[in-house]
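Every number in this text was worked out from the coordinates using simple rules, so none of it is lab data. All values reported here derive from a predicted model rather than from experimental measurement. No Cβ is skipped: glycine too gets one built from the backbone with ideal geometry, and neighbour counts run over all protein chains shown.
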Amino acid sequence: MISITPKSFCCISLGNNCRFQFRSKFITLRPMIYPLVGHLELRDQLGTAIANDRLPQVFLLTGPNGVGKQRLALWAAQRLLCQGSDGIEPCGRCSPCRKVLNLAHPDLHWIVPIPRPKASDPAKQVDEAETAIADIMGERRENPLYGMPDGMASHGIASARLIGRRVALTPVESHHKILIIGYADRLVPQESSPEAANALLKLLEEPARDTIIFLTTTDLGRVLPTIRSRAIPLRVGRVSESTIRAYLTAHLDPLPTPAELDERIRRAEGSIGAAIAEDEAWAKAQGAATALLDAITSSDQERYARCLAQAPWQARGEFSAMLEALAWTLNDAARNAVGGRPRRPLPQALAQANNPERLLTAIDRVDEARALAQGNTNPQIVLATLTDELAEGLA
Ligand SMILES: [Zn+2]
């Protein structure tokens, strides 16, 4: 028996192309992904359908960020691949269970948004996408408390081709192939290649009998209607504060002070992802959003200076994260304006904002800017237009 470090596992993202060709019986596996918490009713439904061999093939899991949609899909994959369960839950002890929890099962394909590949050759782009996803899976094994993907990451044409390649494989160790596609609202292949988009839609319309597909999204409205119409929708709700508390207490190291923990749980609003994502990147994005609001509400000169300071093409991920934090902060101000409690102290620039209608319009504008930033528009131009509109709306 040999042991290898988690970084060496690659089966989940390389499928049959695995360079290492390790066979499971030679590998000592240490479960890395933390147990799923909450969602007992959905687990009951899915587990019963799997036990009775009556599981539909394509699901669209919708719900707020960080409530565990992809984790629930992973749980269902584990249950489908498990060889030791005769009930609702996977056994957690058999080899397939342990491989799923190590993100190392060759019949499980977890596709997440990635930055646009740099290569111009389509085959090389697919290889690049494959490597990028393998790297992300490697990071998740190392740190199961992973956050959201970069705001600019998407499922482009290379990912669509990669998905096609994966579903063409014969299952390696089980009777099923399971495909999890996180952030399905970021599937944007048809602009660049109608054939690849059509192939993907055909796959969802008529998946091979051995293929089960879980798509997830926080924003149903942004999922291609053709995908929505082909999938069984499953609503994944928020989890209770006590569940989040138990999760954080079990997995955070170091543990925050009791007061900080209470505050974090309150702010998380039923999202474990939000509770663990209180990291530097979010703090940075919020700082940038506050500085932008200051510039918008102080003077035209300040505002122009801020727009000119925006890098036209670099750091688009940071730009997108800043817009997300801006929308979040405006949302807080809108709550405050209708007598609700903001999730954190409002920045000076919004302390007096008391017109909910204007704030909601501002959020709409930021959402439009976010959509533009996801595309090919110069962030400097997006910011100039946005700050112009916000200056008027928030005046
Ligand atoms: Zn099992």
Report task. Between beta-carbons, use under 14 Å as the cut-off and find the net charge around T297, counting Lys and Arg +1, Asp and Glu -1. Result -> -3
**Report entry** Separation of the L360 and D253 label points, Cα + 7 Å toward Cβ, nm
**Finding:** 4.7
Report summary line: Simple spin-label estimate for T170/E139, 7 Å along Cα→Cβ, in nm, reads 3.6
**Report entry** Listed peptides 120-126, 358-364 by packing density, highest first (mean Cβ within 10 Å)
**Finding:** 358-364, 120-126
Query raised in the report: Helix 280-298 sits at what angle to the longest principal axis of the chain, using alpha carbons and giving 0 to 90 degrees rounded to 10?
Result: 20
Query raised in the report: Between the helical axis of 122-142 and the dominant principal axis of the chain, each derived from Cα atoms, what acute angle in degrees is found, rounded to the nearest 10?
Result: 90
Query raised in the report: Over the chain, what is the percentage of antiparallel beta bridges among all DSSP beta bridges, to the nearest 5?
Result: 5
Report summary line: Gyration tensor (Cα only) of the chain to equivalent ellipsoid, semi-axes in Å sorted down, yields 38, 25, 19
Report task. Please list the non-local residues whose amide H lies under 5 Å from the amide H of L187, H modeled 1.01 Å from N, same-chain partners needing a gap of 5 or more. Result -> H155
Report summary line: Note, G182: beta-carbon cut-off 12 Å, +1 each Lys/Arg, -1 each Asp/Glu, net +3
Query raised in the report: To the nearest Å, what is the center-to-center distance of the range 293-342 and the range 117-138, using C-alpha atoms only?
Result: 33
Report task. Provide K202, K69, K118, K177 in ascending order of the number of other Cβ atoms located within 10 Å of each residue's Cβ, fewest first. Result -> K118, K202, K177, K69
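Can you give the charge dipole size of the chain about its Cα centre, rounded to the nearest 20 debye, using +1 on the beta carbon of Lys and Arg and -1 on the beta carbon of Asp and Glu?
Its charge dipole is roughly 1220 debye.
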Query raised in the report: Sequence-distant or interchain residues sharing an amide H contact under 5 Å with H109, placed H: which?
Result: I178, L179, I180
Query raised in the report: Using a ≥ b ≥ c from the Cα gyration tensor of the range 259-394 (square roots of the eigenvalues), is it rounded, prolate or oblate, where a/c under 1.5 gives rounded and otherwise the larger of a/b and b/c decides, a/b for prolate?
Result: oblate
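Ranking request for peptides 104-113, 160-169: highest mean number of other beta-carbon atoms within 10 Å first, then the rest in descending order. Can you show the working numbers first?
Working: 104-113: 24.4, 160-169: 19.9.
For the peptides 104-113, 160-169, the packing ranking is 104-113, 160-169.
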Query raised in the report: Is the range 175-305 rounded, prolate or oblate when judged by the Cα gyration tensor, a ≥ b ≥ c being the square roots of its eigenvalues, rounded requiring a/c under 1.5 and prolate requiring a/b larger than b/c?
Result: oblate
Report task. On a 0 to 90° scale, report how tilted helix 258-268 is relative to the longest principal axis of the chain, with both axes built from alpha carbons and the result rounded to the nearest 10. Result -> 90
